[in-house]
Amino acid sequence: MTHARLIQTDTFSIQTRPGTPVAAVIAVKFAILVTKWAARRQTRLALAQLEPWQLADVGLTPDEAITESRRVFWQM
């Protein structure tokens, strides 16, 4: 019986089987990373468009929102 290996990241987990090509594992990890970056960028662009009353609803001040929205996509 073969066992799958679990690759875990912050929000994703992928099972690979023994013998999975290293290039395939790297490609999946890269795809996950690019997906995270795209989500961060979209979220930060949307955050920059919120009104002060909307920011108050999510517990942010306008200054905090500006600071967060100006961060680059690869920063957490």
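Does the stretch 32-53 contain at least one residue that is surrounded by 10 or more Cβ atoms within 10 Å (Cβ to Cβ), at pLDDT below 90, out of contact with any strand residue (DSSP E or B) (no Cβ under 8 Å at 6 or more places or on another chain) and of a type in the set (Phe, Trp, Tyr)?
No - not one qualifying residue is present in the stretch 32-53.
Which pairs do you get when a residue that is within 14 Å of Ala65 (Cα to Cα), found in the stretch 35-52, comes within reach of a residue that is surrounded by 12 or more Cβ atoms within 10 Å (Cβ to Cβ) and small (Gly, Ala, Ser), reach meaning Cβ atoms under 8 angstrom, with the pair 6+ apart or on two chains?
Here the result reads Arg44/Ser69; Leu45/Ser69; Leu47/Ala65; Leu47/Ser69; Ala48/Ala65; Ala48/Ser69; Leu50/Ala65, each pair linking the stretch 35-52 to a residue that is surrounded by 12 or more Cβ atoms within 10 Å (Cβ to Cβ) and small (Gly, Ala, Ser).
Please go through the stretch 46-76 and give me each residue that is under 23 Å from Val34 (Cβ atoms), out of contact with any Ser or Thr (no Cβ under 6 Å at 6 or more places or on another chain) and aliphatic (A, V, I, L, M), ordered by number. Break it down stepwise before answering.
Residues of the stretch 46-76 that are under 23 Å from Val34 (Cβ atoms), as a first pass: 46-48, 68-76.
Now restrict to residues that are out of contact with any Ser or Thr (no Cβ under 6 Å at 6 or more places or on another chain): 46, 68-76.
Correct list: Ala46, Val72, Met76.
The values are calculated or read from the model by the stated rules, or taken from the named source; none is laboratory data. These figures come from a predicted structure and were not determined experimentally. Glycine also receives a Cβ, built like all others from the backbone with ideal geometry; neighbour counts cover every protein chain displayed.
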